[in-house]
Amino acid sequence: MWLRASYTVENSVIIPMFTIIVITIMTVCFNIHDEIMVENIQSQVAVQSELENMDSGKKYMLEERAKKYLDVRTILLDEDNIDIGASSIKVSEPEKTIRIMRAIIEAIN
């Protein structure tokens, strides 16, 4: 029994390429998901530690809880690095902000 050549080409080239593309897209999406989770949890830990004025012991306990949470919620992440200093949330410094705002107002006037 003879088969048309298009079936052979489809089964040997097109289907594996399509499968590789789909798996690559899924892997990229999983990595993006994990990066967003790490960034979000770091921000939440930084905000909570800032609001409660935690000492180093309590910050360490909070970071450990966040690492356990990351283990459950991430898909491909093997290392869970929670670093409050790496977060985009920084300690508020109202005196510095007031000085900068006054300098900007003087520059405008």
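The values are calculated or read from the model by the stated rules, or taken from the named source; none is laboratory data. Because the structure is predicted, anything quoted here is derived from the model rather than measured. When we count neighbours, we look across all protein chains shown, and the Cβ atoms used for this are built from the backbone with ideal geometry, even at glycine.
Among the criteria (1) surrounded by 12 or more Cβ atoms within 10 Å (Cβ to Cβ); (2) modelled with pLDDT under 85, the one Val9 does not fulfil is (1).
For Met17, the requirement of being modelled with pLDDT of 85 or more and exposed (fewer than 15 other Cβ atoms within 10 Å of the Cβ) is met. Contact map, the stretch 82-109: first residue under 30 Å from Met61 (Cβ atoms) and modelled with pLDDT of 85 or more, second residue of a type in the set (Ser, Thr, Tyr) and exposed (fewer than 10 other Cβ atoms within 10 Å of the Cβ), Cβ cut-off under 7 Å, separation 6 or more or different chains; the map is empty.
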